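*Asks:* One structure, pasted below without further comment.
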Amino acid sequence: MLGLIAGADGRWRCPWAAGCDLYTDYHDEEWGRSVRTDDAMFERLCLEGFQSGLSWLTVLRKRTAFRTAFADFRIEAVAGFDDDDVCRLLAEAGIVRNRAKILAAIHNARTVAGLPTGLAAHLWSFAPDREAVRSRPATLADVPATTAASVAMAGDLRRRGFRFIGPTTAYALMQATGMVDDHLVGCWVRPSR
């Protein structure tokens, strides 16, 4: 089941990173790296929600347009979006124009205000101890779609009013923001320890 793949540069990577420069760059420079600021975490949360039901490549291709349309995912700015902004976003061909996902992003920005520690710190509170629960996936079959931590995160966020966040989306967020390390063993990005 899909182990490492050698890239054109001779580096061994997780197999999903092969075949497309956008995937390779995202894998090498961003996926699994620690995200600790609220606005950066909000961007990842929104993009994971927009990806639901679509390929991640679709979101990566539209990422620049998403950033422009959503005020660089500044939480305070998105929380202030109104009906005119919703209409603007629904007309923006460069993003995923799904009304429910757009409304969820705006609603979630407003909901962040209710988190006393801020978004990033709150989400990181669900991260497992990386040394105690050190994942060592050798193939993609060894990488879970959900974990107890992602179920807990999604449940907490939904109780607080967040939308478009389930356990699978929460786990993808944990992977993307460095809360867990699911780079396959031998991947050049994965720390050797």
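*Asks:* Restricting the search to the range 13-25, which residues are modelled with pLDDT of 90 or more, buried (at least 16 other Cβ atoms within 10 Å of the Cβ) and outside any helix (DSSP H, G or I)?
*Replies:* Arg13, Cys14 - these are the residues of the range 13-25 that are modelled with pLDDT of 90 or more, buried (at least 16 other Cβ atoms within 10 Å of the Cβ) and outside any helix (DSSP H, G or I).
*Asks:* Among the residues of the range 151-193, write down those that are among the polar types (S, T, N, Q), within 19 Å of Leu2 (Cβ to Cβ) and touching a Gly at 6+ places or on another chain (Cβ under 9 Å).
*Replies:* Gln175
*Asks:* Quick check on the range 63-102: of everything there that is of a type in the set (Gly, Ala, Ser) and closer than 19 Å to Ile165 by Cα, which residue is surrounded by the fewest Cβ atoms within 10 Å (Cβ to Cβ)?
*Replies:* Of everything passing the filter in the range 63-102, Ala100 is surrounded by the fewest Cβ atoms within 10 Å (Cβ to Cβ).
*Asks:* Please go through the range 11-34 and give me each residue that is without any contact (Cβ under 8 Å) to a residue 24 or more places away in the chain and of a type in the set (S, T, N, Q), ordered by number.
*Replies:* Thr24
*Asks:* Pick from the range 122-158 the residues that are aliphatic (A, V, I, L, M) and in contact (Cβ under 8 Å) with a residue 60 or more places away in the chain: which of them is nearest to Phe73 (Cα to Cα)?
*Replies:* Here the residue is Leu123.
*Asks:* What number of residues within the range 144-179 are under 12 Å from the mean Cα position of the chain (by Cα) and either charged (D, E, K, R) or within 13 Å of Trp124 (Cα to Cα) (or both)?
*Replies:* 9
*Asks:* Among (1) assigned to a helix (DSSP H, G or I); (2) aromatic (Phe, Trp, Tyr); (3) within 26 Å of Ile102 (Cα to Cα), where does Trp31 come up short?
*Replies:* Trp31 satisfies every listed condition except (1).
*Asks:* For the range 159-175, give me each residue that is buried (at least 16 other Cβ atoms within 10 Å of the Cβ) and either touching an Asp or Glu at 6+ places or on another chain (Cβ under 7 Å) or free of Cβ contacts under 8 Å to residues at least 12 places away in the same chain (or both).
*Replies:* Within the range 159-175, Thr169, Ala172, Leu173, Gln175 qualify.
*Asks:* Please verify whether Leu60 is surrounded by fewer than 20 Cβ atoms within 10 Å (Cβ to Cβ), in a helix (DSSP H, G or I) and either in contact (Cβ under 8 Å) with a residue 60 or more places away in the chain or on the phi < 0 side of the Ramachandran plot (or both), treating the condition exactly as stated.
*Replies:* Yes; evaluated as a whole, the condition is true for this residue.
*Asks:* Quick check, is Phe42 buried (at least 16 other Cβ atoms within 10 Å of the Cβ), in contact (Cβ under 8 Å) with a residue 60 or more places away in the chain and under 19 Å from the mean Cα position of the chain (by Cα)?
*Replies:* yes
The values are calculated or read from the model by the stated rules, or taken from the named source; none is laboratory data. None of these values were measured; they are calculated from a predicted model. Because the Cβ atoms are built from the backbone with ideal geometry, glycine has one as well, and the counts that use them run over all protein chains shown.
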